[in-house]
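Quick notes on the structure that follows.
The values are calculated or read from the model by the stated rules, or taken from the named source; none is laboratory data. Predicted, not measured: the structure shown is a model, and the values here were computed from it. Glycine gets a Cβ as well: all are built from the backbone with ideal geometry, and neighbour counts include every protein chain shown. Only protein heavy atoms, including side chains, enter the accessible area calculation; ligands, DNA and RNA are left aside. Shrake-Rupley method; radii C 1.70, N 1.55, O 1.52, S 1.80 Å.
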Amino acid sequence: MKLHIISTEIIKPSSPTPSHLKTYNLSLIDQTMNSNNFIPLLLFYPNTENRSFHAKKLDMKNSLSQILTKYYPFAGRYAKAAPAHVDCNDDGAEFLAGSIDTTLSDFLQNSQHEDLDQFFPYRQVWFNSDRKTESDQVMIPLAVQINHFECGGVAVAVSLSTR
């Protein structure tokens, strides 16, 4: 079972963040969290409708764009100089699309726990020790990856950075 990344792009909010909401202050707990931690979410959907992967991916991108308007910090970037806030600059969230060479039912029946990691953007599941924490690196709070199975089913993975 091998996953291939088909595309990578940045999805921006469907409407701009109001100027009075451009800075989102992080709580003290968020500020002290290790910058290499992620909160993972993985959802599997069987193919229940006769729609192409391209149509499903387009719907996901449009929905993400609208959601980023309401949850504007996820479309921003963690501040470099003072990591106590998110700069809600509407730069957008990362969106990746992948394809896996098996069916959803075969994957669920024959996979190991470690096989789930490939569904996440850059394999950011819980902790990424390879992730650089240099001061000039821009941290993106949200990354989403939609993965297409041969049968038409999809797996949607979300990685939320804890900072």
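Is there a residue in the stretch 45-52 that is surrounded by 17 or more Cβ atoms within 10 Å (Cβ to Cβ), among the charged types (D, E, K, R), under 29 Å from Phe149 (Cβ atoms) and out of contact with any helix residue (DSSP H, G or I) (no Cβ under 8 Å at 6 or more places or on another chain)?
Among the residues of the stretch 45-52, not one is surrounded by 17 or more Cβ atoms within 10 Å (Cβ to Cβ), among the charged types (D, E, K, R), under 29 Å from Phe149 (Cβ atoms) and out of contact with any helix residue (DSSP H, G or I) (no Cβ under 8 Å at 6 or more places or on another chain), which makes the answer no.
Identify the single condition in (1) at pLDDT below 90; (2) out of contact with any Phe, Trp or Tyr (no Cβ under 8 Å at 6 or more places or on another chain); (3) among the hydrophobic types (A, V, I, L, M, F, W, C) that Phe44 does not satisfy, given that it satisfies every other one.
Tallying (1) at pLDDT below 90; (2) out of contact with any Phe, Trp or Tyr (no Cβ under 8 Å at 6 or more places or on another chain); (3) among the hydrophobic types (A, V, I, L, M, F, W, C), Phe44 fails exactly one: (1).
Which members of the stretch 9-44 meet the condition of being open to solvent by 80 Å² or more (accessible area, probe 1.4 Å) and under 30 Å from Gly153 (Cβ atoms)?
Correct list: Lys12, Ile39, Leu41.
Would you check which residues across the stretch 68-114 are more than 16 Å from Leu43 (Cα to Cα) and of a type in the set (A, V, I, L, M) and list them?
Leu68, Ala75, Ala79, Ala81, Ala82, Ala84, Val86, Ala93 - these are the residues of the stretch 68-114 that are more than 16 Å from Leu43 (Cα to Cα) and of a type in the set (A, V, I, L, M).
I'd like the residue in the stretch 115-163 that is open to solvent by 40 Å² or more (accessible area, probe 1.4 Å) and part of a helix (DSSP H, G or I) and, out of all such residues, is modelled with the lowest pLDDT.
That would be Arg123.
For the stretch 80-114, give me the residue count where each residue is open to solvent by less than 20 Å² (accessible area, probe 1.4 Å) and not hydroxyl-bearing (Ser, Thr, Tyr).
Residues in the stretch 80-114 being open to solvent by less than 20 Å² (accessible area, probe 1.4 Å) and not hydroxyl-bearing (Ser, Thr, Tyr): 11 in total.
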